[in-house]
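Have a look at the structure below, then the notes.
The values are calculated or read from the model by the stated rules, or taken from the named source; none is laboratory data. Model, not experiment: these values are computed from the prediction. All Cβ positions, even for glycine, are placed from backbone atoms using ideal geometry, and neighbour counts span all protein chains on display. The protein model used for the area step is the full one, side chains on, heavy atoms only, and it has no ligands, DNA or RNA in it. Shrake-Rupley method; radii C 1.70, N 1.55, O 1.52, S 1.80 Å.
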Amino acid sequence: MENKLIIAGAGSGKTRFLIERVAENPDRRTLITTYTDANGEEIRRKLLKHLGYIPENVVIQNWFSFLLEHGVRPYQGDVIDTEITGMMLVNTRSGLKTRTYQGHPVYFAEDTETERFYLAKDGRIFSDKISRFVLRCDKHHGGKVIERLSRVFRCVMIDEVQDLAGCDLDLILKLLDAPMDIVMVGDPRQVTYLTHREQKNKNYEYGRIADFIKEKKKKKTPCEIDEEILAHSHRNNAAICAFSSSLYPQLNPTMPCTCDSCRSDVAEHQGIFLVRPEDVLHYLGQHDAVQLRWDRSVKVERGFSVHNLGASKGLTFDHVLIYPTGDMVSWLKDRSFELKPGTKAKLYVGITRARHSVAIVYQFNDEVIEGVENFGVDEASVT
Amino acid sequence: MRIEKVVIENFKCFHGRFQIDLNDGLNVIVGQNESGKSTIIEAIHLCLTGLFNGRYLRNELSQYLFNKKTETDYLSAVKEGNSPEPPHILIELYLKGEDTPELANLIGNLNSDGESASGLRYMVHFNDDYKGEYEKLLESGTLRSIPIEFYRDSLKSFARRERTIRSLPLRSALVDATKVRTQSGSDVYVSRIIRDNLEDDDRVQISQAHRKMREGFMEEPAVKAISEKIGDDAKISDQNISISVDLSTQNAWETSLMTYLGDTPFHFIGRGEQSIIKTKLALSHKRAKEANVVLLEEPESHLSHSKLTQLLKSIQDDIGTKQIVVSTHNSFVANKLGLEGLILLSNQQTAKLDHLTPDSRDFFMKLAGYDTLRLVLCESAILVEGDSDELVVQRAYMDGHSGKLPLQNGIDVISVGTSFLRFLEIAEEIGTRVAVVTDSDGDVAAVKKKYQSYLGENAKDHIRICFDEEVDDGPLNEGENKFNYNTLEPKLLKVNDLNSLNGILGGAQASNDELLVSMRANKTEVALKIFEADTSITYPQYILDAIEHCGGE
C-alpha cells in the first residue's frame, strides 16, 4: 500500500495535491477528511471546480464524524452498551468526577467507570476521547474496526494532518498498516486547532507528526515522508514568504513560485505594512483588504469582510489586515520573542492568507521594522 | 449482494425470535396457513422499502403489527404491576456477497447475534422521548393495548447508522397476486418496479419530458384564457389567481404516468396477467449496481395451469444473479422451481431440502405433477402405489378410528405410483413420519433390496416399509404368465372370505379364482365399493402396521 506524508508550507498546494490524486483515480473509494467543517467545504468546492463533479466514490467528512461513523458506532457494542448519540466538543480534559477538598480534580477511571469516562450524561462521546475509544473497540474486537474501514475505503486522505494529536496519532499508525493507501498533507506551522489535548504523545503535539512517524512507525508498511515536493508557495509573493518564514527559522523557508501563471497578476500594492488604528478604515477602503482577528472580541470595521485567524486556514485573499495580539506585537518588535505555539501558528496562518500584501494594525511612532513599510507616513508628510 | 439470513421478532405471527436462512438464488417457502410465509415476505419488503401493504408504514404504525401473544404477555405483565419494557418489532437482514465498499459499509455488531456482520435492522420501538407520558399512562392503569402513539420506527445498518431507503444498496420488488393494490389509478408496484429499472440518465430525461409537457399545457391559449377569466372574476385577493399544473414536486411524473399493456391501462387487465407482467418486470431489472430481491407471493393465484407454467419458466430463465423468495401452497410451483430451494416453515422452525440428490431434484422438476408438498406439509404420511390402495388404506384407518378420515388426524395418504424412493428421500430429509404400503409381487428379496436403506440395520425410526413377507401362490394363470397372488386384492381375499367380499362388492363370483380375476380387472371399482360399504372387512396385517406406525390418535 502506498502511504505518503507531505509536509509543506502555506499556499504550496497541499489540498490541490490531494485533489489531483482523486482526479487520477476517481473510481477508487476514497475518504477525504480534515478537522474543520470549513476546510471540508473548501475541499468540496475545489474538487467540484477541478473535476466538475464530486465522484460517487469520494466521501468528504470531518475527522470527528468520520471517527463516529466508522470508528465508534460499528463496534461500540460490548465496550459500551448504551447508544452513543453524538459527540460533545470539549476544550479541557473530560470526564471530571469530582474535586477533592483541596480542589484537585478527580476523573472517572477508564476501566471501572468506562461509560462515564467516555460519555457525557446525555450519551454523547467526549471529543477528546473519540480516537481512544476507536482504538479500544478495535482492540476489543481483534482488529475488526480497522479491517472494516479498509473494506469501506481503499484510500484515506487527511488534510491539515498537523491538527491531529494524542491517540489520533496512534490511530494513524494503525491506518498506515491497513491494506489501503493513506495520503496525508500538513504544515506543522499551521496548528491553529488541535483535535484535543491529552498526555498521550504530548511530545508530538503541535504538528510534529513527521517526527512521530519517523520514530514510531515500524518497518512493515513504510510511509514516505516528503518535505521537498511542495516547497513553493503559489499564493504568497516573495515578501510574504520571507516574512512568514521568519516565524519558523528552524524550518525550511518557503519560496515563492516563479512560474508564469502564479506571477501573472502582479498587484500594484505589495508587501508588508504597519497601519495605525486611525488609518484602518482608509486602508481598507483603498486596498479592499480582508480583516483577520483573534476572535469575536476584537473590534473590527463593519462593512468589510472579516475572519477569525484560526478559521481562515485554507482560504486565499489578495490583501489581508491583521489585528495582532500583544504577544504578536512583541514578536514584531523583537523577532527573538518566543510566541506560544498556538499564537505563532495563527499569526503564520494570517500572514500566509495573502497573495499580495499583509497589513498589521499597530500604533507606531517613528520606529522602523526591517522589511516592513509604515502605511500613511509618506502621505502625512506630503500634506 | 444477497440476504443470507432474516431475523424477525414479534412481527405479526412470529412470537419472540424467528430466524430463516435463505439460499442465494431461489427460495420456495411452504407451510400451512398462518405459518408465516407471507410475514417473511412482508418483513423483507418492509425492511428494504418501508412499505407495508403498499403504504409507508412510518405514518401508519399500529398495534396490530405486533404479535398477539407478545401484546397479551406485555399487558398481563403490566397488569401484575411489573414494569416490562414496551415490546418492539425487529426485522434484521443479514447480507453477504462480493466484498464491496457498499457491503462493508453495513458491517458492525448492532444485531441480535451481537456478531460482526453486514446487514440492516428495521425496528418499530418505543420512543424514549415519551418516557414521561408513558409512565403517567402506566400509573393511571388504563393501558389496554400497546401504546403505539409513543412508538417510532427506525432503519439502521449494523454499523449503527441511520439509513434511508434511498441509500440502501439492495432493493426488493414484491409481486403479490393475492391482493389488489392500486393508488390513484396506477399500480404502485408497477410504477415502482419501472422506476427502479431506470438508470439515472433515463430518469432525468423522462422528468424533463414531463416538465416540458406540463409547460406546454400551460402555454395553450385555452388554458391561458381560462386563467385570465378566473383572474378577472375572483377578486378575493390582491394577488393574481390562475390555474397551473403542479410543477413543485421533483418526481411528479412517477405519480401521473400510467402503465399500459397494449391499449389497456395496466390495472384493467386480468389479475393473472398482471402478476405475470409484474414478475417479468421485476426480473428484468437492469440497473447494474443494485442486486435485487424479488418477492413473489403465491404466484399460482389467478393463473391457469399453462400461464403458471409460463411464469415459472420465465422465473427460471431470468433469475440471473437475483435472489427470489416465493411463497406457495402449490406442489407444481415447488417442483418446477426446484425442491432444493424449498424451505418448510412450521411452528417458527424451518427445514430445508437442500440435500436431495440431483437425480431426485431433476425427477420432480420434470414430473412436476407429484404432490410433494403434501408430504412436506403433513404431520405423517402413508405412501401407497395407486388409487385402489389409497381407498382401502383410508377405509382401514376409518374403521380403526371411529370413522375419522386420516387427514382429519394429520395423516395424508398419498399415491406416489412407482416413485416411493423419491418420496422417501424427501421424508428422510425433513423427518416426516412415513409408512410405505407396497406389494411384494412375490419377490420379497427384491423388495428388501429396493428398500435396503430403510430396513434391517439401516432402519429409521420414522420410516417404516410395510408389505406382506409371506409369498402366496396358486394355480391361476394370466395368459402365459402366472397370476400375481401378491398384490392388494389377493391379500384382501386371504384375510376375508368369498362370501363377505361377494356381499360387499355386490357380486356373485362362484370361486376364489373367479373373484380374484374379477377384482383384478376392476381394481378401482372394487376399492371404491370397499371404501363405501356399510360393513367393514378385515385388513391385511401390513396395512394395519402402516396405520399403527403413523399413529394419528
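Quick notes on this structure:
- Selection from region B:79-111 of residues that are within 24 Å of B:Ile8 (Cβ to Cβ), away from chain A (no Cβ under 14 Å) and either in a helix (DSSP H, G or I) or more than 30 Å from the chain's Cα centre (by Cα) (or both): B:Pro84, B:Glu85, B:Pro86
- Once region B:51-78 is narrowed to residues that are part of a helix (DSSP H, G or I) and of a type in the set (A, V, I, L, M), the residue that is farthest from the other protein chains (Cβ to nearest Cβ) is B:Leu75.
- Here region A:136-150 is the region considered, the condition is being more than 24 Å from A:Glu224 (Cβ to Cβ) and touching a helix residue (DSSP H, G or I) at 6+ places or on another chain (Cβ under 8 Å), and the residue that is farthest from the other protein chains (Cβ to nearest Cβ) is A:Asp138.
- Any hit, region A:360-376, residues being surrounded by 16 or more Cβ atoms within 10 Å (Cβ to Cβ) and without any contact (Cβ under 8 Å) to a residue 24 or more places away in the chain: no
- Wholly within region B:331-394, strands (runs of 3 or more DSSP E) carrying at least 1 residues that are under 14 Å from the mean Cα position of the chain (by Cα): B:342-346, B:349-352
- Of all residues making up region B:202-258, the number that are touching a helix residue (DSSP H, G or I) at 6+ places or on another chain (Cβ under 9 Å), among the polar types (S, T, N, Q) and either open to solvent by less than 100 Å² (accessible area, probe 1.4 Å) or at pLDDT 80 or above (or both): 8
- Scope region B:112-143; condition within 14 Å of another protein chain (Cβ to nearest Cβ) and in contact with a helix residue (DSSP H, G or I) (Cβ under 7 Å, 6 or more places away or on another chain); matching residues: B:Ser116, B:Ser118, B:Leu120, B:Phe126, B:Asn127
- Flag if A:Asp78 is modelled with pLDDT under 90, open to solvent by 10 Å² or more (accessible area, probe 1.4 Å) and within 14 Å of chain B (Cβ to nearest Cβ): yes
- Criterion (away from chain B (no Cβ under 14 Å) and either surrounded by fewer than 21 Cβ atoms within 10 Å (Cβ to Cβ) or farther than 26 Å from A:Leu230 by Cβ (or both)) met by exactly one of A:Asp170, A:Asp187, A:Asp163, A:Asp159: A:Asp170
- A:Ile60, sole failed condition from (1) outside any strand (DSSP E or B); (2) at pLDDT 90 or above; (3) surrounded by 14 or more Cβ atoms within 10 Å (Cβ to Cβ); (4) more than 14 Å from chain B (Cβ to nearest Cβ): (1)
- Among the residues making up region B:130-149, those that are out of contact with any strand residue (DSSP E or B) (no Cβ under 6 Å at 6 or more places or on another chain), under 18 Å from B:Thr70 (Cα atoms) and surrounded by 12 or more Cβ atoms within 10 Å (Cβ to Cβ) are B:Leu138, B:Leu143, B:Ser145, B:Pro147, B:Ile148, B:Glu149.
- Failed criterion for A:Leu175 (all others in (1) over 30 Å from A:Pro55 (Cα atoms); (2) at pLDDT 90 or above hold): (1)
- Scanning region B:311-330 for residues that are part of a strand (DSSP E or B) and among the β-branched types (Val, Ile, Thr) yields B:Ile324, B:Val325, B:Val326.
Residues checked against (1) out of contact with any Ser or Thr (no Cβ under 8 Å at 6 or more places or on another chain); (2) open to solvent by 70 Å² or more (accessible area, probe 1.4 Å):
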{"site": "B:Phe18", "(1), (2)": "yes, no"}
{"site": "B:Ile29", "(1), (2)": "no, no"}
{"site": "B:Asn33", "(1), (2)": "yes, yes"}
{"site": "B:Ile41", "(1), (2)": "no, no"}
{"site": "B:Ile44", "(1), (2)": "no, no"}
{"site": "B:Cys47", "(1), (2)": "yes, no"}
{"site": "B:Arg55", "(1), (2)": "yes, yes"}
{"site": "B:Ser62", "(1), (2)": "yes, no"}
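- Total residues in region B:410-431 satisfying the condition of being touching a Cys at 6+ places or on another chain (Cβ under 9 Å), at negative phi and open to solvent by 10 Å² or more (accessible area, probe 1.4 Å): the figure is 1.
- For region A:137-158, the criterion of being of a type in the set (Asp, Glu) and modelled with pLDDT of 90 or more is satisfied by at least one residue.
- Subset tally (residues that are among the polar types (S, T, N, Q) and either in contact (Cβ under 8 Å) with a residue 12 or more places away in the chain or within 21 Å of A:Ser233 (Cβ to Cβ) (or both)) for region A:324-359: 4
- Only one entry in A:Glu42, A:Glu20 is open to solvent by 50 Å² or more (accessible area, probe 1.4 Å), more than 14 Å from chain B (Cβ to nearest Cβ) and not aliphatic (A, V, I, L, M), namely A:Glu20.
- For region A:324-341, filtered to residues that are part of a helix (DSSP H, G or I) and touching a helix residue (DSSP H, G or I) at 6+ places or on another chain (Cβ under 8 Å), the residue that is most open to solvent (accessible area, probe 1.4 Å) is A:Asp327.
- Qualifying residue in region B:265-275 (condition: aromatic (Phe, Trp, Tyr), in a helix (DSSP H, G or I) and without any contact (Cβ under 8 Å) to a residue 12 or more places away in the chain): yes
- Selection count where residues are within 14 Å of another protein chain (Cβ to nearest Cβ) and touching a Cys at 6+ places or on another chain (Cβ under 8 Å), scope region A:103-133: 0
- Among (1) at the interface with another protein chain (Cβ under 10 Å from one of its Cβ atoms); (2) open to solvent by 40 Å² or more (accessible area, probe 1.4 Å); (3) among the hydrophobic types (A, V, I, L, M, F, W, C), the one test that A:Phe153 misses: (2)
- For A:Phe66: the one exception among (1) more than 10 Å from chain B (Cβ to nearest Cβ); (2) in a loop (DSSP other than H, G, I, E, B); (3) open to solvent by less than 50 Å² (accessible area, probe 1.4 Å): (2)
- Contact annotation: residue pairs with Cβ atoms under 8 Å, 6 or more positions apart or on different chains, pairing a residue in region A:199-215 that is under 23 Å from A:Gly9 (Cβ atoms) with a partner that is of a type in the set (Ser, Thr, Tyr), are A:Asp211/A:Tyr204; A:Phe212/A:Tyr204.
- Only helices (runs of 4 or more DSSP H) whose full extent lies in region B:436-522 are considered here, and none of them has at least 1 residues that are of a type in the set (Phe, Trp, Tyr) and surrounded by 14 or more Cβ atoms within 10 Å (Cβ to Cβ).
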